[in-house]
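The values are calculated or read from the model by the stated rules, or taken from the named source; none is laboratory data. Given the structure is predicted, the values throughout are model-derived calculations rather than measurements. For neighbour counting, all protein chains shown are included, and Cβ atoms are generated from backbone atoms with ideal geometry for every residue, glycine included.
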Amino acid sequence: MLYKNKREDVSVVIPSKGNHKYLNQCIKSVLNQNYKGTIKIFIINDDPSKHLVLKGYSRSRQIITINNKTCLGPAKSRNIGLKLARGKMIAFLDSDDYWGSNFLNESISELNNNDVAGTCCLSYKVFDDFSTVRALRSIVKEMLFRIYAYVNSSRLPRDLPYLTQLSHMLFTRDKVSKLKFNINLPFCEDWIFVLMLLKSENIRLITKKLIFFRFSKSSNTSLNNLASSKGRSYRKMYNTMTKLYGRSMNTFIFWAYCKML
């Protein structure tokens, strides 16, 4: 199989489902990175009704497509990519988001120059479906991100994974290879993944906007698509945080955030 031939520098796992309307833009943003090393993209197609066939564009920019036989959800799809990846570094990019051309250069520089397992940057917001509440929530979150980066030496507090977004992050693969995304939760599985990593590792906050994060009706992060089961997921997240770190100001911030959904 192609993905076993060579260990790439960066593995990029992109779960995709539905009409894949933004997938091409997402892939191009990875292929067009200023970073000169090898990149391998794993497209995990979670829509069995739409078979995808995508080919690598060059020897240093390869695309591997995995078509799920049944709909597995984003957590299982990411776990498949995590298992296949062989890169020194790994990123999980949602198919409706896209990187700025210098995302990898900036993130890798921070990763290499600091004793951390991952990085998380800020983003430009792209609103396909604008909501005042969503916009205000994004502003508050960015303000908290910048405050904590300043007062906490650019390191993410262990009890506040809420400040992260998976598409904004780059990880050292060896540090996350033994972790898994929780397949039993329809929401928060990405934050719990980060929370588990923070038990023993550090994540560096980058106060530069290096990606474009899309809010759309089809996005799992859209208010319009939050299912009735979201309450259980967020309670699980909150309970896990308080079990690890007690009731702190940061866990209160997460509780308040949940009330804004």
Looking across the range 4-32 at residues that are polar (S, T, N, Q) and assigned to a loop (DSSP other than H, G, I, E, B), the single one that is modelled with the highest pLDDT is Asn32
Please determine whether any residue of the range 114-124 is of a type in the set (Ser, Thr, Tyr), surrounded by 19 or more Cβ atoms within 10 Å (Cβ to Cβ) and under 25 Å from Gly18 (Cα atoms).
yes
Please verify whether Lys208 is of a type in the set (D, E, K, R) and either touching a Cys at 6+ places or on another chain (Cβ under 7 Å) or not in a loop (DSSP other than H, G, I, E, B) (or both), treating the condition exactly as stated.
yes
Filtering the range 42-57 down to residues that are in contact with a helix residue (DSSP H, G or I) (Cβ under 8 Å, 6 or more places away or on another chain) and either free of Cβ contacts under 8 Å to residues at least 12 places away in the same chain or within 15 Å of Val12 (Cα to Cα) (or both) yields Phe42, Ile43, Ile44, Leu54, Gly56, Tyr57
Of Ser11, Ser107, which residue is under 25 Å from Ile192 (Cβ atoms) and either in contact with a helix residue (DSSP H, G or I) (Cβ under 7 Å, 6 or more places away or on another chain) or of a type in the set (D, E, K, R) (or both)?
Ser11
So the check is Cβ under 6 Å with 6+ separation or different chains; which pairs have a first residue in the range 123-150 that's more than 16 Å from His168 (Cβ to Cβ) and a second one that's crowded, with 16+ Cβ neighbours inside 10 Å and modelled with pLDDT under 90?
Phe127/Phe215; Asp128/Ser216; Asp129/Ser216; Arg134/Phe215
State all residues of the range 36-66 that are modelled with pLDDT under 95 and of a type in the set (Phe, Trp, Tyr); if no residue qualifies, say none.
Tyr57
So if I check each of Ser138, Ser101, Ser77, Ser109, which one is among the small types (Gly, Ala, Ser), in a helix (DSSP H, G or I) and within 22 Å of Lys36 (Cα to Cα)?
Ser109
Considering residues that are among the aliphatic types (A, V, I, L, M) and either touching a Cys at 6+ places or on another chain (Cβ under 7 Å) or part of a helix (DSSP H, G or I) (or both), the number found within the range 80-90 is 3
Breaking point among (1) surrounded by fewer than 21 Cβ atoms within 10 Å (Cβ to Cβ); (2) in contact (Cβ under 8 Å) with a residue 24 or more places away in the chain, for Thr65:
(2)
Note on the range 129-174: residues out of contact with any helix residue (DSSP H, G or I) (no Cβ under 7 Å at 6 or more places or on another chain), buried (at least 16 other Cβ atoms within 10 Å of the Cβ) and under 22 Å from Val12 (Cβ atoms) are Gln165, Ser167, His168, Met169, Phe171, Arg173
